[in-house]
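To start, the structure itself, in structure tokens.
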Amino acid sequence: DAMQNYFASNDELEGAYRIALPDAVDEYALKAWIQKGKLEADAIDTELFDKNKLKQLIPDLRALTLIDEPQNFIPKLQRLMATAGVAVVFVPELKGCHISGFTKWLSPFPKVIVQLSVRYKTNDSLWFTFFHEIAHLILHNKKSFITFPSKNYDTGLEEKQANEWASNTLIAKDEWDSFIKERNLTEQGIKEFAKSVGIHAGIVVGRLQKVGLVLYNSRLNHLKVRYKWNV
């Protein structure tokens, strides 16, 4: 269809996305959102992209999830990622984009942009999206990097791999499995587990909701951090 052709013919829109329902996307809004991010990324000095360096940063990146205030964690996140050749930018979602995150190689030298919209305005969603985008850089080469346009892009192998890597990096599989087995899903139980694995309790709540063990409208939502844009 026309939109499929539009995306296919626009190099600047090629990249790895976390986006809702591609057929509902306003491509012009998406293009404007991406362009705004590129301008911000151009202003960030980075080293050349280094996958091994990025892997070494993972413990430090995980630790940033424990900081509630964006004004405290964003500069640290940007500084760390710049050392591995990645410019991280935060750009509010434009109406019609339906986008959470976007990753793209920038030319003329190996620099990467990871652009986040904080679409769902909670820390569990933000950090999952961030680690999902990082997964593409660690697991996938540039050629398999384009996860969009495709009607079923979110069920593709790259997306599944990125989701799995993000989940297991935020909370290691064996630790998660033990926690689920014990079924101590009280507020206290969740806080104790989060502390034991060095992750924010809000991320644990989000994961429990994702697997259907906690309702999305649960009172446990107060363990998440909520953000709002000052624009």
>> Return the residues of region 108-161 that are among the charged types (D, E, K, R), within 25 Å of Leu220 (Cβ to Cβ) and at pLDDT 90 or above; say none if nothing qualifies.
In response: Lys121, Asp124
> Say we look at region 159-201 and pick out the residues that are part of a loop (DSSP other than H, G, I, E, B) and touching a Leu at 6+ places or on another chain (Cβ under 7 Å); which of these is least open to solvent (accessible area, probe 1.4 Å)?
Replying inline: Ile199
> If you take the residues in region 21-33 that are open to solvent by 10 Å² or more (accessible area, probe 1.4 Å), in a helix (DSSP H, G or I) and aliphatic (A, V, I, L, M), which one is modelled with the lowest pLDDT?
Replying inline: Ala24
>> Looking at Arg18, Arg62, can you tell me which residue is within 21 Å of Ser167 (Cβ to Cβ), at pLDDT below 95 and touching a Gly at 6+ places or on another chain (Cβ under 7 Å)?
In response: Arg18
> Here are Ile74, Ile67: which of them is assigned to a loop (DSSP other than H, G, I, E, B), free of Cβ contacts under 8 Å to residues at least 60 places away in the same chain, open to solvent by less than 90 Å² (accessible area, probe 1.4 Å) and within 27 Å of Leu94 (Cα to Cα)?
Replying inline: Ile67
> Here are some conditions: (1) open to solvent by 10 Å² or more (accessible area, probe 1.4 Å); (2) among the aliphatic types (A, V, I, L, M); (3) at pLDDT below 90. Ile99 meets all but one. Which one does it not meet?
Replying inline: (1)
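Residues checked against (1) more than 15 Å from Asp124 (Cα to Cα); (2) among the β-branched types (Val, Ile, Thr); (3) at pLDDT below 95:
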{"residue": "Phe179", "(1), (2), (3)": "yes, no, no"}
{"residue": "Arg183", "(1), (2), (3)": "yes, no, yes"}
{"residue": "Thr186", "(1), (2), (3)": "yes, yes, no"}
{"residue": "Lys195", "(1), (2), (3)": "yes, no, no"}
{"residue": "Ile199", "(1), (2), (3)": "no, yes, no"}
{"residue": "Gly202", "(1), (2), (3)": "no, no, no"}
{"residue": "Gly206", "(1), (2), (3)": "no, no, no"}
{"residue": "Lys228", "(1), (2), (3)": "no, no, yes"}
> List, please: which pairs have Cβ atoms under 9 Å, are six or more places apart or on different chains, and start with a residue in region 210-231 that is within 19 Å of Phe73 (Cβ to Cβ) and end with one that is open to solvent by less than 60 Å² (accessible area, probe 1.4 Å) and in a strand (DSSP E or B)?
Replying inline: Lys224/Thr122; Val225/Thr122; Arg226/Thr122; Tyr227/Thr122; Trp229/Phe90
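The values are calculated or read from the model by the stated rules, or taken from the named source; none is laboratory data. None of these values were measured; they are calculated from a predicted model. Because the Cβ atoms are built from the backbone with ideal geometry, glycine has one as well, and the counts that use them run over all protein chains shown. Accessible surface areas use protein heavy atoms only, side chains included; no ligands, DNA or RNA. Shrake-Rupley method; radii C 1.70, N 1.55, O 1.52, S 1.80 Å.
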